[in-house]
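Heads up, the thing below is written out as structure tokens.
Only the coordinates and a few stated rules stand behind these numbers; no lab work does. Fair warning: this is a prediction, and the values are worked out from it, not measured in the lab. Ideal geometry is used to build each Cβ from the backbone, glycine not excepted, and the neighbour counts take in all protein chains shown.
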Amino acid sequence: MRILVTGGCGFIGSNFIRYYLKNYPEVSIINVDKLTYAGNLENLFDLSHAPNYYFIRADIADAARMEELVRKGIDAIVNFAAESHVDRSIEDPSSFIRTNIFGTFVLLEAVRKVSKEQKIRFLHISTDEVYGSLGKTGAFTEETPLAPNSPYSASKTAADMMVRAYFHTYGLPAIITRCSNNYGPYQFPEKLIPLMVSNAMEDKELPIYGDGMNVRDWIYVEDHCRALDCVLQNGKEGEVYNIGGASERTNLYVAKSILDHLGKPHSLIRFVADRPGHDRRYAIDFSKIKRELGWSPTISFEEGISRTIEWYQTHREWWKKIKTGEYLDYYRRMYHER
Ligand code: NAD
Ligand code: TDX
């Protein structure tokens, strides 16, 4: 089996490739990544000499390259490639439209063009953010109406709709997964958990948006990878599967538990201006994937956060290198000039 993974040099993509090649050494993976600010070859350094792993630097919005690649006899595409950070989408949505919407369309077209000769399963990695925001109770099901609130989530929603349309119109064998907030090794330190962990380790302030009572459902990245494996193997074409971590926490709780783990004072927490259009609460009903594919999360938030903190403690060089230059400009704009 040959799988084309897009965005494999990012956080979830790199964890997925490592997970997959460890569990299925007979599979070949071609990783296509543009290497944006979020793509890092070091995330898969350990696999660079593996005989069944190939890296190609390319943009998913490049139609000629994508068609050439899908003609290389691949069986499946797992589409992780995206601009993924909500705050950056608020600053400038253009790259989100280009990669998340147009890039997904380009991939779908490439698959459609070869579909008479080759069957390629298309697994599209989406997000719970397409459903919008919840009140105090309830959880997103696959039937919840889509109501995105940020340019990021709007771009992901548009991509989902194109995937859906290609299944219904052209019979393209596509499946969509919508997962909650991931955390774990190799996450870029602009996202809440790695930002809080690395700042706390450097005795820097932990910026919390608004009142810190926004709730996210946290899933350890390895549980997400296992869910994607189930869907890729046994998911039904044309379906959507929600994936959740059964770990709803407020942002303030997350920040405090990181500080407690590291033995740092809560006084490092600094409340800063809220994110515009900030979704209040996400929660996922993952009963469909549990019932139909037998998947449930296995790693509790307490276990996952302590594994994650340990990883950032033993991989200081990885994140220290990132938190320089361009990153510092971004950080200054985010927290000091908003
Ligand atoms: P990430 O930002 O860490 O990685 C994205 C990767 O895509 C990077 O390696 C980047 O170089 C690559 N990329 C960006 N534009 C590209 C293009 N035009 N062509 C080729 N490669 C390109 O993101 P992540 O957190 O690993 O998220 C991966 C996917 O999972 C995204 O589609 C995201 O929407 C989705 N998702 C993420 C989360 C989360 O909590 N991180 C939750 C649910 C869904
Ligand atoms: O410095 C911060 N302070 C803060 O309070 C940051 C970076 C975030 N936050 C808050 C905003 C959110 O309520 O923490 C929460 C999590 O923020 P992010 O890590 O930016 O994630 P989120 O906006 O929830 O989106 C994430 O989950 C869904 C991913 O980035 C998306 O790619 C994914 O689709």
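Here are the numbers for the structure shown:
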{"quantity": "Breaking point among (1) loosely packed, with under 14 Cβ neighbours inside 10 Å; (2) under 27 Å from SER89 (Cα atoms); (3) not aromatic (Phe, Trp, Tyr), for ASP260", "calculated": "(2)"}
{"quantity": "Where ASP217 falls short, out of the listed (1) closer than 20 Å to LYS156 by Cβ; (2) part of a loop (DSSP other than H, G, I, E, B); (3) acidic (Asp, Glu)", "calculated": "(2)"}
{"quantity": "Residue check for TYR186: more than 10 Å from ligand 2 (Cβ to nearest atom), within 19 Å of SER153 (Cα to Cα) and either part of a strand (DSSP E or B) or under 17 Å from the mean Cα position of the chain (by Cα) (or both)", "calculated": "no"}
{"quantity": "Segment 209-222, residues that are in contact with a strand residue (DSSP E or B) (Cβ under 8 Å, 6 or more places away or on another chain) and within 14 Å of ligand 1 (Cβ to nearest atom)", "calculated": "ARG216, ASP217, TRP218, ILE219, TYR220, VAL221"}
{"quantity": "Close pairs from segment 178-191: first more than 14 Å from GLY8 (Cα to Cα), partner near ligand 2 (Cβ under 9 Å from one of its atoms) and part of a loop (DSSP other than H, G, I, E, B), Cβ under 8 Å, at least 6 apart", "calculated": "SER180/TYR282; ASN181/TYR282; TYR183/LYS191; GLU190/HIS85; LYS191/HIS85"}
{"quantity": "Segment 108-144 - residue that is part of a helix (DSSP H, G or I) and within 16 Å of ALA165 (Cα to Cα) and, of those, farthest from ligand 2 (Cβ to nearest atom)", "calculated": "LYS113"}
{"quantity": "Count of segment 194-214 residues which are surrounded by 20 or more Cβ atoms within 10 Å (Cβ to Cβ) and farther than 21 Å from GLU326 by Cβ", "calculated": "4"}
{"quantity": "Matching option when the condition is of a type outside the set (A, V, I, L, M, F, W, C) and touching a Gly at 6+ places or on another chain (Cβ under 6 Å), among SER150, SER115, SER155", "calculated": "SER150"}
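Yes or no, residue by residue, for (1) in contact (Cβ under 8 Å) with a residue 24 or more places away in the chain; (2) loosely packed, with under 14 Cβ neighbours inside 10 Å:
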site	(1), (2)
PRO276	yes, yes
ARG281	yes, no
TRP318	yes, no
ASP329	no, yes
MET334	yes, no
